[in-house]
1. Restricting to the range 1-29, what's the tally of residues that are among the hydrophobic types (A, V, I, L, M, F, W, C) and surrounded by fewer than 17 Cβ atoms within 10 Å (Cβ to Cβ)?
2. Among the residues of the range 86-98, is any among the basic types (Lys, Arg), surrounded by 10 or more Cβ atoms within 10 Å (Cβ to Cβ) and either over 20 Å from the mean Cα position of the chain (by Cα) or modelled with pLDDT of 85 or more (or both)?
3. Among the residues in the range 80-96, are any in a helix (DSSP H, G or I) and in contact with an Asp or Glu (Cβ under 9 Å, 6 or more places away or on another chain)?
4. Report yes if some residue within the range 45-64 is in contact (Cβ under 8 Å) with a residue 40 or more places away in the chain and either within 18 Å of residue 10 (Cβ to Cβ) or open to solvent by 80 Å² or more (accessible area, probe 1.4 Å) (or both); otherwise report no.
5. Being more than 19 Å from residue 69 (Cβ to Cβ), assigned to a helix (DSSP H, G or I) and either touching a Ser or Thr at 6+ places or on another chain (Cβ under 8 Å) or open to solvent by 50 Å² or more (accessible area, probe 1.4 Å) (or both) is the filter here, so list the residues in the range 99-109 that pass it.
6. When the range 7-28 is examined, which residues are found to be charged (D, E, K, R) and part of a strand (DSSP E or B)?
7. Is there any pair linking a residue in the range 112-135 that is closer than 14 Å to residue 35 by Cα to one that is aromatic (Phe, Trp, Tyr) and open to solvent by 60 Å² or more (accessible area, probe 1.4 Å), with Cβ under 9 Å and at least six apart or on different chains, and which?
8. So, in the range 52-79, how many residues would count as being outside any loop (DSSP other than H, G, I, E, B), closer than 19 Å to residue 106 by Cα and of a type in the set (Gly, Ala, Ser)?
Amino acid sequence: MLNATRGYDANKHINGRKRHLLVDQDGLLVDLLVTPADVQDRDAARILLTRLHTEHPEIVLVWADNGYAGEEFSTWAQDTLGITIKVVPRPKDAKGFVLLPKRWVVERSNSWTMRARRNARDYERLMSHAEAHIQWAFITLMSRRLARPRRQTEALPVSLAAA
C-alpha cells in the first residue's frame, strides 16, 4: 500500500510525491492535489482544472510553468472547460535561477507551506493526509494575515487621519 502512493520522477530525480497547487494572484490556496511523483504534471492538472471549473466557473485564465505546456493539453482545457492556459516560459539564454513573476507566485506559496515543519518532509502514509497538512498550513497563514494588527492610520477615519 505504501508504494502505491509514491513514485519516481526521472526528470526531477525525486522519489516520493508531487504537490500540485492552484493559487490566486496573492498566492493563497484555491485547490491542491498530491500525487505520486511519477504522475505527469498535465495529468494532475486535468483533475485540478476540472475541479476548479466546477467550483469556480468564472475563472477563465490560468498561468502555468513548462510542465503544463503542450498543444493537446491547452486545447483540451480551452474546448472542454473554457480555461485558457498561459505558459510562462523560461528565457532561452538564462543560466541558473531566473525570477519569473507569474510563476513565482506559486513557488512562493509552496515555500510558505514548508514553514510548517511537518510539510518539509513527506512523513504521511496517505496522500489525503499530506493534502490535509498543506491545507492546514494555508489556513494558518490566512488566519495570521487576518489577525495581523492594522496600523493606526488605517484604523482611523479619513477626516481624523488628515488632522
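The values are calculated or read from the model by the stated rules, or taken from the named source; none is laboratory data. Remember, it's a predicted structure, so these values are computed and weren't measured experimentally. Every residue, glycine among them, receives a Cβ derived from its backbone with ideal geometry; neighbour counts consider all protein chains shown. Accessible surface is based on the protein model in full, side chains and every heavy atom, while ligands, DNA and RNA are left aside. Shrake-Rupley method; radii C 1.70, N 1.55, O 1.52, S 1.80 Å.
1. Residues meeting the conditions: 6.
2. Checking the range 86-98: at least one residue is among the basic types (Lys, Arg), surrounded by 10 or more Cβ atoms within 10 Å (Cβ to Cβ) and either over 20 Å from the mean Cα position of the chain (by Cα) or modelled with pLDDT of 85 or more (or both).
3. Taking every residue of the range 80-96 in turn, none turns out to be in a helix (DSSP H, G or I) and in contact with an Asp or Glu (Cβ under 9 Å, 6 or more places away or on another chain).
4. yes
5. The answer is 108, and nothing else.
6. 9, 17, 18, 19
7. Every condition considered, the pairs that remain are 129/123; 130/123.
8. 2
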